[in-house]
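K.L.:
I'd like to ask some things about the structure below.
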Amino acid sequence: MTRAAVPGLPSRYPIGELLPALYADDDLAQRFTAGLDTVLAPVLSTLDNLPAYVDPALAPADFLPWLASWVGVEADPAWPVELRRAVVAHAVELHRWRGTRRGLVERLRLCCGVHAEVRDGGGATWSAEPGAALPPPPTGELLVRVWPVRAGDGAGVVDAVDAHRVLEVAAASCPAHLTCRVEVLPGPPEETGD
């Protein structure tokens, strides 16, 4: 990312106007300071607009990877710019729920535009009854069932679910000791009978 000279960008604080009156009519001094104004105008403009640079909704698109590095999130450059902005804006919330079902469901909703149900194959359980039977051995598999977002869900309509992309996002969030499998459903499990 570079911020360079912007052709025709005027300086809000022309240096020539700040010089003592002795140099107000000096052509060389005015041309020299006009050259400095051309170089400094983008810097001053950036500083004047600094709050916009750190707001993911307003930052220039080429600034987003740097913002993403601040909050420890990777936004795929192939994603549309609005999706990258949303991922950076929600990064702290996603980190808060990282490693949980809720975190994975939210990440899939945000990154892939799908609803999801996660079935964890871990082997932790407890019982309030002494001597209760042991739980079955863990399956070692994280099953992620996804279905498209429907109209009226607040996220628009998704025509088709990109299973490969869902698998990439889910596998990146999956604990190392589990394998990850994705099932694409036509609708919510209660509607499809699954």
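The values are calculated or read from the model by the stated rules, or taken from the named source; none is laboratory data. Note that the coordinates shown come from a computational prediction; the quantities given were computed from them, not determined experimentally. Here Cβ is always computed from backbone atoms with ideal geometry, including for glycine, and neighbour counts include all displayed protein chains. Areas reflect the complete protein model, heavy atoms only, side chains present, ligands, DNA and RNA absent. Shrake-Rupley method; radii C 1.70, N 1.55, O 1.52, S 1.80 Å.
K.L.:
In a shell of Cβ-Cβ distance under 11 Å around residue 93, excluding residue 93 itself, what net charge do Lys and Arg (+1) and Asp and Glu (-1) give? Spell out each step's value before the answer.
P.N.:
On the way: positive: 96, 98, 102, 107; negative: 106.
Once positives and negatives cancel, what remains is +3.
K.L.:
As a check on your grasp of the helix formula, calculate [θ] at 222 nm for the chain: sum -39500 (n - 2.57) over DSSP H runs of n ≥ 4, divide by the residue count, round to the nearest 500. Before the final figure, lay out the partial values.
P.N.:
Working: 9 runs with 79 residues, N = 194.
For the chain, the value works out to -11500 deg cm²/dmol.
K.L.:
While we're looking at this one, here's another question. With every protein chain present, what is the per residue accessible area of the chain (1.4 Å probe, Å²)?
P.N.:
Details: 12630 Å² over 194 residues.
In whole numbers, the chain has 65 Å² accessible per residue.
K.L.:
Quick check: at a probe of 1.4 Å, how many percent of the accessible area of the range 1-108 sits on carbon and sulfur atoms? Write down the numbers at each step before the final one.
P.N.:
Working: 4570 of 7270 Å².
Result for the range 1-108: 63 percent of the exposed heavy-atom area is carbon or sulfur.
K.L.:
Would you mind checking which residues have amide H under 5 Å from residue 183's amide H? H placed 1.01 Å from N; only 5 or more apart, or other chain.
P.N.:
Distant-sequence amide H within range of residue 183: 144, 145, 146.
K.L.:
When all protein chains stay in place, what accessible area (Å², nearest 10, 1.4 Å probe) is found for residue 36?
P.N.:
70
K.L.:
Can I ask one more? Can you give the net charge of the other residues whose Cβ lies under 14 Å from the Cβ of residue 24, counting K and R as +1 and D and E as -1?
P.N.:
Residues close to residue 24 contribute a combined charge of -3.
K.L.:
If you consider only alpha-carbon coordinates, what radius of gyration and Dmax does the range 28-154 have, in Å?
P.N.:
For the range 28-154, the Cα radius of gyration and maximum Cα-Cα distance read 24.1, 94 Å.
K.L.:
To check you understand DSSP bridge types, tell me what percent of the beta bridges within the chain (both residues inside) are antiparallel, rounded to 5. Present the calculation step by step, with values, prior to reporting the outcome.
P.N.:
Details: 6 of 12 bridges.
Here the antiparallel bridges make up roughly 50 percent for the chain.
K.L.:
Please list 32, 63 in order of solvent-accessible area, largest first, computed with a 1.4 Å probe with all protein chains present.
P.N.:
Details: 32 135, 63 15 Å².
Per-residue accessible area, sorted high to low, gives 32, 63.
K.L.:
Could you please put 105, 88 in sequence from largest to smallest accessible area, using a 1.4 Å probe? Intermediate results must be reported in sequence, preceding the final value.
P.N.:
Working: 105 40, 88 10 Å².
In descending accessible area the options line up as 105, 88.
K.L.:
Could you tell me the calculated FRET efficiency between residue 18 and residue 97, based on Cβ-Cβ distance and R0 = 45 angstrom, to the nearest 0.05?
P.N.:
Taking R0 as 45 Å, the efficiency between residue 18 and residue 97 is 0.30.
K.L.:
Starting at 0 and stepping by 10 Å, how many percent of the alpha carbon pairs of the range 38-99 end up in each bin?
P.N.:
Taking all Cα pairs of the range 38-99, the binned fractions are 22, 46, 24, 7, 1 percent.
K.L.:
Determine how large the accessible area of residue 26 is when every protein chain is in place; take a 1.4 Å probe and give Å² rounded to the nearest 10.
P.N.:
Approximately 60 Å² of residue 26 is accessible to the 1.4 Å probe.
K.L.:
What is the spin-label model distance, in nm, from residue 162 to residue 47 if the labels are put 7 Å beyond Cα along the C-beta direction?
P.N.:
About 4.1 nm, to one decimal.
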